[in-house]
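Once you've had a glance at the structure underneath, I'll fire off some questions.
Just so it is clear, none of the values below were taken in a lab; they were calculated from the coordinates. Keep in mind the model is a prediction, meaning the values are calculated, not measured. Cβ: placed from backbone, ideal geometry, glycine included. Neighbour counts: every protein chain shown.
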Amino acid sequence: MKIAIVVGTRPEIIKMSPVIRYCKDHKLDFFIIHTGQHYSYNLDKVLLEELGLPEARYHLEAGSGSHGRQTAVILDRIEEVLVKENPHIVLVQGDTNGVLAGALAASKLHIKVGHIEACLRSYDKLMPEEINRIIADHAADYLFAPTEDSKKNGLKENLPENRIFVTGNTIVDAVFQNIKLAEGREDIFSRLGAKKDEYILLTLHRQENVDDPNRLKEILHGLELLYRELGMNIIYPIHPRAQKMLKTFNLKLPEGLIMVPPTSFLDFLNLEKNAKLILTDSGGVQEEACILKVPCVTLRYNTERPETLSVGSNILAGTDPRKIVECSKMMIKTNRDWKNPFGNGQATEKIMGILLSSHLSK
Ligand code: UD1
Ligand code: UDP
């Protein structure tokens, strides 16, 4: 079986890394297509190097742009690669524009599509990712849903049950494979001047939050109030999108908010593991907080990871300043005794087992 693996952004590289590692270790016939959606060193190369991933056979160099343009460039270039290579299956992960383009190009060429982290829904079409998820799921032949709850979302849309496989999320595999190594890297704390268990960790990059000046101002005000109440520094590895928007809107960061460049995955895992609390609008970070048993406050009004709310690792604060403080004060005191709903670190084994046995049976 010839497998094409599509990556292109930070979370895709991280969550595909166990799959790539599996293909390499089992000497499968596979190759990587990098869409080039992320290209800054600390969103891309640092992860590829740290995770020891092989070079991509194709780099599509899509770069940044509007949704239409970025998707179109990837669609155009990936089609060319797929025609040339004619793989049996294309694996995409998550909900980026590269996933949409990869799934669309492959399905129109009658190449099988495997969607990893399928059937997640926020039920909020104002998120560009929601549109990508829906279309990718409906184009896919194999839907690897992380949980039974996500499978139900697929069934509600009449996606055929025999295409949906509940496998857990490969992020658990990635965390388990890297956490020991991460915890050995103590220097991140001295570099950031942070003391374990005495800081809050923040990520904030969603288009809906940072591209809207009022919403961004509101969140910054909430963080200012939080620092005043708790007196705890808030460490913020800032995504370039958020950095660009702060500059565009000429906004200053409040006292207590310590902006640092995006960290490597290992350093970020270590920062998560030792944080008193995590504040985020990221999808992957909500999952990792849950897996690492660190309470999480999500700066959004909905989540496609409702399992984290059900187990009690996460709460939705939205963007209202007082609500951010209230939810943070509540979550910081919470018992960290929830059970991780995203699987036991065997998602990759399950996914590859399903693909290989279904190929062999043909
Ligand atoms: C993308 C994904 C989002 C995911 C995020 C992970 C889509 C629709 N969005 O959002 O789901 O959560 O990646 O981080 O696919 N930029 C750089 N360097 C880079 C990449 C981007 O400076 O390497 C800047 C550019 O100014 C660019 C902006 O960030 O315009 C946004 O990048 P883009 O790839 O459009 O979306 P993300 O916000 O990164
Ligand atoms: N991450 C990282 N360095 C950072 C911030 C995040 O390596 O400075 C990792 C984090 O561990 C998680 C992933 O990036 O695995 C989440 O990516 P992001 O928040 O960009 O995207 P999303 O999950 O929201 O799509």
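Let me know the Kirkwood hydrodynamic radius for segment 5-71, please, with Cα pairs as the basis and the value in Å to one decimal.
Final number for the Kirkwood radius of segment 5-71 is 12.2 Å.
In whole angstrom, note down how far apart the Cα centers of segment 167-210 and segment 321-357 are.
Between the Cα centre of segment 167-210 and that of segment 321-357, the gap is 14 Å.
What does the convex hull of the alpha-carbon atoms of segment 216-263 project to on average, in nm²?
Answer in nm², one decimal: 3.2.
Grab the Cα-Cα distance for GLU55 and SER357, subtract it from 0.36 nm times how many residues apart they are, and report the gain in nm with one decimal.
Separation in residues times 0.36 nm, less the Cα-Cα distance, equals 106.0 nm.
Can you give the charge dipole size of the chain about its Cα centre, rounded to the nearest 20 debye, using +1 on the beta carbon of Lys and Arg and -1 on the beta carbon of Asp and Glu?
140
With only Lys, Arg, Asp and Glu charged, each at its Cβ (+1 for the first two, -1 for the last two), find how big the charge dipole of segment 86-170 is about the Cα centre; round to the nearest 20 debye.
220
Along the charge dipole of the chain, Cβ charges K/R +1 and D/E -1, which of LEU120, TYR199, THR303 sits furthest on the positive end?
TYR199
Could you check which residue among LEU181, LEU257, LEU225 shows the biggest mean-square fluctuation in a GNM of the chain with a 10 Å Cα cutoff?
Top of the fluctuation ranking is LEU181.
Scan around VAL260 for amide H atoms under 5 Å from its own, H built in the peptide plane at 1.01 Å from N, and keep only partners 5 or more places away or cross-chain.
When sequence neighbours closer than 5 places are left aside, the close amide H contacts are TYR236, ILE238.
Evaluate the Debye formula for segment 137-187 with equal point scatterers sitting on the alpha carbons, no solvent, and hand back log10 of I(q)/I(0) at q = 0.15, 0.22, 0.30 Å⁻¹, in q order, two decimals.
Here the Debye-derived log intensity ratios amount to -0.51, -0.75, -1.09.
Another question, then. Work out from phi, with θ = phi - 60° and the Karplus expression 6.51 cos²θ - 1.76 cosθ + 1.60, the ³J(HN,Hα) of each residue of segment 34-49, listed in order in whole Hz, and give x for Gly and Pro.
Along segment 34-49, the couplings run 9, 6, x, 4, 9, 9, 5, 3, 7, 10, 9, 4, 4, 6, 4, 5 Hz.
Based on alpha-carbon atoms only, what is the radius of gyration of segment 66-155 relative to the globular estimate 2.2 N^0.38 Å?
Here the Cα radius of gyration is 1.05 times the empirical estimate.
Out of GLU186, GLU12, GLU224, any idea which swings most in a Gaussian network model of the chain, alpha carbons joined below 10 Å?
Among GLU186, GLU12, GLU224, the largest mean-square fluctuation in the Gaussian network model of the chain belongs to GLU186.
Follow-up question, since we're still on this one. P(r) tail for segment 141-289, what percent of Cα pairs lie past 23 Å?
In whole percent, the share of Cα-Cα pairs in segment 141-289 beyond 23 Å is 48.
Moving on. Run the dipole for segment 1-157 about the Cα centre, Lys and Arg Cβ at +1, Asp and Glu Cβ at -1, nothing else charged, and hand back the magnitude in debye, nearest 20.
Here segment 1-157 has a charge dipole of around 200 debye.
Helix 170-183 against the longest principal axis of the chain: what's the angle in degrees, Cα atoms only, rounded to the nearest 10?
Approximately 50 degrees, to the nearest 10.
Suppose we keep just the alpha-carbon trace of segment 231-362; what are its Rg and Dmax in angstrom?
Considering segment 231-362 through its Cα atoms, Rg and Dmax are 17.7, 62 Å.
Under a point spin-label approximation (7 Å from Cα along Cα-to-Cβ), what is the SER40-GLU148 distance to one decimal in nm?
Reported label-point gap for SER40 and GLU148 is 4.1 nm.
A follow-up question, please. At a Förster distance of 41 Å, what's the computed FRET efficiency of THR334 paired with LYS24, Cβ-Cβ distance as r, to 0.05?
Result of the calculation: an efficiency of 0.55.
Could I ask something else about it? Within 10 Å of each candidate Cβ there may be at most 10 other Cβ atoms; applying that plus a DSSP loop requirement, which trypsin sites (Lys or Arg not before Pro) in segment 1-48 survive?
Passing sites in segment 1-48 are LYS27.
Before rounding to the nearest 500, sum -39500 (n - 2.57) across all DSSP H runs of length at least 4 in the chain and divide by the residue total; then give [θ] at 222 nm in deg cm²/dmol.
-14500 deg cm²/dmol
Taking the 0 to 90 degree range and rounding to the nearest ten, how far is the long axis of helix 67-85 tilted relative to the main principal axis of the chain, both from C-alpha atoms?
Computed tilt is about 30 degrees.
With axes computed from alpha carbons, what is the tilt in degrees of helix 347-360 against the longest principal axis of the chain, rounded to the nearest 10 within 0 to 90?
10
If one computes the Cα centroid of segment 221-251 and of segment 149-165, what distance in Å separates the two points?
38
Measuring from label point to label point, each 7 Å out along Cα→Cβ, what is the ASN158 to ALA72 span in nm?
Here the answer is 3.1 nm between the modelled labels.
Which one, ASP187, ASP76, ASP281, has the greatest fluctuation when you compute a Gaussian network model over the chain with C-alpha springs under 10 angstrom?
Of the options given, ASP187 has the highest mean-square fluctuation.
Right, next: Taking N as the number of residues in segment 1-160, what value does Rg over Cα atoms divided by 2.2 N^0.38 Å take?
Segment 1-160 yields a ratio of 0.97.
Using only the alpha carbons of segment 27-107, determine the length spanned along each of the three principal axes and report them from longest to shortest in whole angstroms.
37, 32, 20 Å, listed from the longest principal axis down.
Sticking with this one: Taking the Kirkwood radius as the inverse of the mean 1/r across Cα pairs, report the Rg/Rh of segment 183-267.
0.98
If you take the Cα atoms of the chain, find Rg, then find the Kirkwood Rh from the mean of 1/r over all pairs, what is Rg/Rh?
Here the Rg-to-Rh quotient is 0.96.
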